[in-house]
1. Looking only at the range 229-244, decide whether some residue is touching a Ser or Thr at 6+ places or on another chain (Cβ under 9 Å) and among the small types (G, A, S).
2. For the range 69-79, what are the residues that are modelled with pLDDT under 90 and among the aromatic types (F, W, Y)?
3. If V250 satisfies every condition in (1) under 21 Å from P185 (Cβ atoms); (2) over 20 Å from the mean Cα position of the chain (by Cα); (3) β-branched (V, I, T) but one, which is the exception?
4. Taking the range 75-108 as the search range and keeping residues that are among the small types (G, A, S) and buried (at least 16 other Cβ atoms within 10 Å of the Cβ), which one is nearest to A49 (Cα to Cα)?
5. Consider Q290 carefully, then state whether it is assigned to a helix (DSSP H, G or I), under 16 Å from V204 (Cα atoms) and of a type outside the set (D, E, K, R).
Amino acid sequence: MFERLEAILVKEFLELRRDPWAIFRLIIPLALQVIVYGYAATFTVHHVATAVLDLDNSEASRSLISHFLATRRFDIVDFADRQSTVTRDLDSGKATLAIVIHAGFARDLASGRGAPLAVAVDGTNSNTALISLGYVGEIVSRFEAEEAAKASTVKAGAAPPTVTVSLEERPWFNSGLEDRWFFIPGVIGTLTLVQVVNLTSFAVVREREVGTLEQIMVSPIRPVEFILGKTLPFFLIGLADVALVTLLGVLWFHIPFVGDPFVMLYGASLFLLATLGLGLLLSTFSRTQQQAFALNFFLINPIFILSGFAFPIAAMPRFLQWLTFLNPLRYFLIVIRAVFLKGVGLSDLWQEFAAMALLGVVMLGLSVLRFKKSLD
């Protein structure tokens, strides 16, 4: 058995070595995607185009505007002189957010009655709108606290002190709340999934298309040996992909790796078993590479969306949350982020490892059964 398996492995690696373009496809696009994700994928919003209508034109209103400019998250594109100008800026897309400071703002602020501030935001991009409004709330709260401190200094002894509660934030594992620390570990799982599933499904279908699959099957090689010979190279390629993306994340983007590399290796191996099984399963339903491509596109996008990579699973409808339990990428993302940033070990991740192992065994078993049936 081992001699026949070795012959298939040698054949696969010889084909890879004779195809320089294939080696290029395995390395360069993967590295480029990691770099693009690292720089482009972010929840942080900068340079929000902002229109300002200051109807009070007081020292307090100008101070509030300076608070927005100081954060460098808001770019004031228009100091409007009337409401219609603000509306036109939002309608035309010149501004994403508009701040309207009403007349009497400083007077109301000094009296303690509360100074109303109107903020309009373009909601066509709901993510940007929500994040921008969050920034506005933080800036206004900081401005309000500063003005209250000034007022208490001026009126010292005139009234008993007001009891306040201050919030002290202490983010763990990612003290700077860097988006890249969240995205790059997730990219390891998503890119590996795409790479391995595509390679596995196309490799078997290509053998069928060129007519060599039948020739292999009439040889002494058994179906199980053929499947092992086809999957082992892609398993090793998958491990190399994980190592490559991990090194790029650590060395290029300076993301800390505080966990045990062997825990990472173990989790990646179980994840690859599941993805290899998925690729083989897709190959048994495909007769041409076009069909394999269509099936990959049909399945990989939902797997990505239901993995929790960018969209929280807790916010999904209940039936979709149950569906995510069949997604190996869901478990691998938990493992890889926990190992990367928290240093979590096997004792805390055993449920995710068990789930990936179970999915891998089921998918590989179904693939072997389907593969034998398709040969018959």
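1. Going residue by residue through the range 229-244, those that are touching a Ser or Thr at 6+ places or on another chain (Cβ under 9 Å) are 230-231, 234-235, 238-239, 241-242.
Now drop any that are not among the small types (G, A, S), which leaves 238.
Taking every residue of the range 229-244 in turn, at least one turns out to be touching a Ser or Thr at 6+ places or on another chain (Cβ under 9 Å) and among the small types (G, A, S).
2. none
3. So V250 meets the others, but not (2).
4. Going residue by residue through the range 75-108, those that are among the small types (G, A, S) are 80, 84, 92-93, 95, 98, 103-104, 106.
Those still in the list that are buried (at least 16 other Cβ atoms within 10 Å of the Cβ) too: 80, 95, 98, 106.
On the way: A80: 13, A95: 5, A98: 9, A106: 25 Å.
Here the residue is A95.
5. yes
The values are calculated or read from the model by the stated rules, or taken from the named source; none is laboratory data. Just so you know, these numbers come straight off a predicted model, no measurement behind them. When we count neighbours, we look across all protein chains shown, and the Cβ atoms used for this are built from the backbone with ideal geometry, even at glycine.
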